[in-house]
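Structure, as structure tokens:
The values are calculated or read from the model by the stated rules, or taken from the named source; none is laboratory data. If you're wondering where the values come from, they're calculated on a predicted model, not measured in any experiment. When we count neighbours, we look across all protein chains shown, and the Cβ atoms used for this are built from the backbone with ideal geometry, even at glycine.
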Amino acid sequence: MSRARRTPTPETDLLAVDGGRQEAMRPLAERMRPRTLDEMVGQRRLLAPGSALRRAVEAGRVHSMVLWGPPGCGKTTLALLLAQYADADFRAISAVLSGLPEVRQVLAQAAERFAQGRRTVLFVDEVHRFNKAQQDAFLPHIERGSIVFVGATTENPSFELNSALLSRCRVHVLEAVSVEDILAALQRALEDDERGLGGQGIAADEALLRQIAGAADGDVRRGLTLLEIAAELAADEGGQVSQVTLHQVLADRTRRFDKGGEQFYDQISALHKSVRSSNPDAAVYWLARMLDGGCDPAYLARRLTRMAIEDIGLADPRAWQMSLDAWDTFERLGSPEGDLALAQLAIYLASTAKSNAAYAALNAARADVREYGSAEVPLHLRNAPTKLMKQLGYGQGYQYDHDSTGGVALDQTGFPEVIGEQVYYQPVERGLEIKLKDKLDRLRAARSQARRPSGD
């Protein structure tokens, strides 16, 4: 039997607080929290009219899910709306503040409501902070249907959540809210007489609101908070938000660097690509930017070591060891003296020969592993420590390379029969790989010749 479509009325306040005075004391971001799907800003892909999730929510057919997205993108609001549209009780816990006893108490209460024919939407904020035992506590209740589990996380669920929990939930990816959408939310807050700043005589030009939206960095909640601060300052200045006022509000608030934010990943990308492009000046600039912004130097050392392996590889094996030495040096000296070790490393990595041949070889080999699965190890390559294994042919026909002419048994394959001889590693003609390429080209040609049938 299908459920009748339920649409909450605009008058429904999902976070209502008794008393007009208490309501006025709530932050603007809470007062302006959307009460219907139509009021939500951003998430146009996920909540577009006719989308699978929107149809399910509007029909009251909610399912357990994990909401993955940056701060302020609407995860909590969406969970509240799920409960509202499904006519279910809403309960929220935070993985930061709640332990296993609190989790069990909430689950027991949900089980009681379920026995009475009432569903519970259980919202778990920062769910990735729960350990395995805490995450496992939800599993039987999700399976019985006594709760609709909604977990919110800013971290990749594949890395942070148990596979058992993920298998019982759908993962929905929420995106950072665009400047235009945050701007729309700010304008709505300025005009709303009931919940917003309407009727208080506060005014702001669109250009100034756009600055606030940009400073919010994809976080609607942060944008509304900045607007509220600006409005409080403007109230003493005739209600007009000026550029001077806005400068006070935004001073030291626009993120120079934020681990997990877009700028963080953009700067890391810039450093990596500067090294790859053999531009030591750009590499040391981005390194300095990140150190100045407060990036963990150990993280930078780890990423530089990755560059040595991934983008330089066997073209200059010294880069790998130098990366480890620079990392160790920083650990011993600390900042600022140890910063110089990282700077020298970045300059060297950018300046030396580059090759991703080993990286490409590993990916090619992995592709064959996926395609052929558990291909049998050839009998001649198998170890034969027992009599039975020898009787079964293990190790039979193996040629001991050191006894072969030139130290290589050229006609002996190292691959499973189903795959056949393959070439994954293709050295580049740069750095040390020039010599490796010359040697391997000659060796591969000799192998091919040795495996050719006689008479060819």
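Computed values, structure above
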item: Test result for L190, closer than 26 Å to L47 by Cα and of a type in the set (A, V, I, L, M); result: yes
item: Listing of helices (runs of 4 or more DSSP H) fully contained in the stretch 316-395 that carry 1 or more residues being small (G, A, S) and in contact with an Asp or Glu (Cβ under 7 Å, 6 or more places away or on another chain); result: 357-372
item: Qualifying residues in the stretch 163-191 (those that are acidic (D, E) and within 16 Å of R221 (Cβ to Cβ)) - the one nearest to the chain's Cα centre (by Cα); result: E175
item: Which numbered condition Y85 misses (of (1) under 18 Å from R170 (Cβ atoms); (2) in contact with a Leu (Cβ under 6 Å, 6 or more places away or on another chain); (3) touching a residue at least 60 places away in the same chain (Cβ under 8 Å)); result: (2)
item: Candidates E160, E112 - the one that is acidic (D, E) and farther than 27 Å from A29 by Cβ; result: E112
item: Test: residue in the stretch 405-427 that is of a type in the set (S, T, Y), in a loop (DSSP other than H, G, I, E, B) and farther than 19 Å from L381 by Cα; result: yes
item: Close pairs (6 angstrom Cβ cut-off, 6 or more residues apart or separate chains): at pLDDT below 90 and basic (K, R) in the stretch 354-381, surrounded by 15 or more Cβ atoms within 10 Å (Cβ to Cβ) and assigned to a helix (DSSP H, G or I) anywhere; result: none
item: Some residue of the stretch 85-94 being farther than 28 Å from L186 by Cα and either under 26 Å from the mean Cα position of the chain (by Cα) or hydroxyl-bearing (S, T, Y) (or both); result: yes
item: Residues located in the stretch 41-60, provided they are out of contact with any Lys or Arg (no Cβ under 7 Å at 6 or more places or on another chain) and either of a type in the set (K, R) or closer than 17 Å to V121 by Cβ (or both); result: R44, R45, L53, R54, R55, A56, V57
item: Residues (at pLDDT 85 or above, of a type in the set (S, T, N, Q) and either surrounded by 14 or more Cβ atoms within 10 Å (Cβ to Cβ) or at positive phi (or both)) located in the stretch 241-266; result: S242, T245
item: Cβ-Cβ under 6 Å pairs, at least 6 apart or on other chains, the stretch 178-198 side within 16 Å of V241 (Cβ to Cβ), far side among the basic types (K, R) and in a helix (DSSP H, G or I); result: L183/R210
item: Residue, nearest to the chain's Cα centre (by Cα), within the stretch 199-227, restricted to residues that are part of a loop (DSSP other than H, G, I, E, B) and aliphatic (A, V, I, L, M); result: A216
item: Qualifying residue in the stretch 153-162 (condition: in contact with a helix residue (DSSP H, G or I) (Cβ under 6 Å, 6 or more places away or on another chain) and of a type in the set (S, T, Y)); result: yes
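For (1) in contact with a strand residue (DSSP E or B) (Cβ under 8 Å, 6 or more places away or on another chain); (2) in contact (Cβ under 8 Å) with a residue 12 or more places away in the chain, each residue gets a yes or a no:
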position	(1), (2)
V62	yes, yes
P71	no, yes
A95	yes, yes
L100	no, yes
Q105	no, no
R118	yes, yes
V124	yes, yes
F149	yes, yes
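Residue by residue, here is whether (1) in contact with a helix residue (DSSP H, G or I) (Cβ under 8 Å, 6 or more places away or on another chain); (2) among the β-branched types (V, I, T) holds:
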| position | (1), (2) |
| --- | --- |
| D87 | no, no |
| A92 | yes, no |
| V96 | yes, yes |
| G99 | yes, no |
| A111 | yes, no |
| Q135 | yes, no |
| H141 | yes, no |
| I147 | yes, yes |
